[in-house]
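Here is the structure we will look at, set down as structure tokens.
The values are calculated or read from the model by the stated rules, or taken from the named source; none is laboratory data. Quantities reported herein were computed from a predicted structural model and do not represent experimental measurements. Cβ: placed from backbone, ideal geometry, glycine included. Neighbour counts: every protein chain shown.
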Amino acid sequence: MKPTIKWPLLILSGIIPFVPLLVSSLTMIRLSSKEGIDWAYSLFGTDHILNFGGNPSEVLSHLLNWIVMTGSMASLCLATGAESFLKGSSSCSLQNRKLLRVVPVLTFFVLAAWGSEIDGKHGEGTVAVATAIFFAPTLLLLAFAMAMLLRYETRMKFELLPLPLLFFASFGLQWLYEPSGTGGPNFLVFPSLFALLCGFWLYCFIVSRKLPQRINAIT
């Protein structure tokens with residue numbers, strides 16, 4: 001028999017996936033202000049660790065790319081973790097657990113639209129393109145793989161284990177492909193994100209092969 005989770009933990013599980021949206025929004029507010037824009041521009045020509053561009057506007061664009069990808073990835077991982085936690089309890093219905101999947105979608109569209117607006121006014125204008133070509137497909141395929149992983153009756157640790165690794169790998173890879181002098185992401189963005197996808201899908205495949213019994217109608 002599945003254990004019952006107390007309501008404070010249920011509420012906390014529903015709130016945590018929104019944290020990346022809150023943090024990223026506060027950062028966006030800062031970067032959309034005159035002080036924030038001036039700060040981003042001032043990084044150009046310095047050895048600052050966040051100087052990712054070949055001109056001041058490009059520096060801002062790449063910072064916005066970072067926020068869109070990192071905030072969305074964090075929300076996706078936290079929502080998946082919360083769903084995995086609630087899956088093992090009788091306290092939360094299947095329909096309510098699936099509502100958590102809306103949070104990363106909301107986070108992504110808010111950050112992508114907001115970042116594109118700031119970028120269009122003060123940046124290189126490449127955030128929308130990078131989001132459409134690279135970030136959106138990557139996050140969509142990762143979300144699909146995570147949903148498939150949750151369909152298997154396996155121990156929670158096998159569902160939670162790859163999530164922090166996935167997030168920090170994504171975060172670390174941005175140090176590789178964001179620096180660029182072309183106005184857009186470094187050409188390494190495609191192989192980097194492709195390798196990230198392949199690694200996670202391989203993990204899901206291994207888990208599914210060893211644990212073929214599915215949970216009813218999770219997806």
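Brief remarks follow.
- Filtered residues of region 144-158 (kept if within 12 Å of TRP201 (Cβ to Cβ) and aliphatic (A, V, I, L, M)): ALA145, MET146, MET148, LEU149
- Boolean, GLU124 is acidic (Asp, Glu) and surrounded by fewer than 17 Cβ atoms within 10 Å (Cβ to Cβ): no
- For the condition out of contact with any Ser or Thr (no Cβ under 9 Å at 6 or more places or on another chain), under 18 Å from GLY71 (Cα atoms) and among the aromatic types (Phe, Trp, Tyr), PHE135 does not qualify.
- Residue satisfying condition, being assigned to a helix (DSSP H, G or I), more than 16 Å from LEU166 (Cβ to Cβ) and at pLDDT below 90, within set LYS98, LYS121: LYS98
- Check on VAL103, free of Cβ contacts under 8 Å to residues at least 24 places away in the same chain, assigned to a helix (DSSP H, G or I) and surrounded by 20 or more Cβ atoms within 10 Å (Cβ to Cβ): no
- Condition broken by HIS48, with the remaining ones in (1) over 17 Å from TRP175 (Cα atoms); (2) modelled with pLDDT under 90 satisfied: (1)
One line per residue, one yes/no per condition, for (1) at pLDDT 90 or above; (2) under 19 Å from the mean Cα position of the chain (by Cα); (3) hydrophobic (A, V, I, L, M, F, W, C):
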{"site": "PHE168", "(1), (2), (3)": "yes, yes, yes"}
{"site": "GLY184", "(1), (2), (3)": "no, no, no"}
{"site": "ALA195", "(1), (2), (3)": "yes, yes, yes"}
{"site": "GLY199", "(1), (2), (3)": "yes, yes, no"}
{"site": "ASN216", "(1), (2), (3)": "no, no, no"}
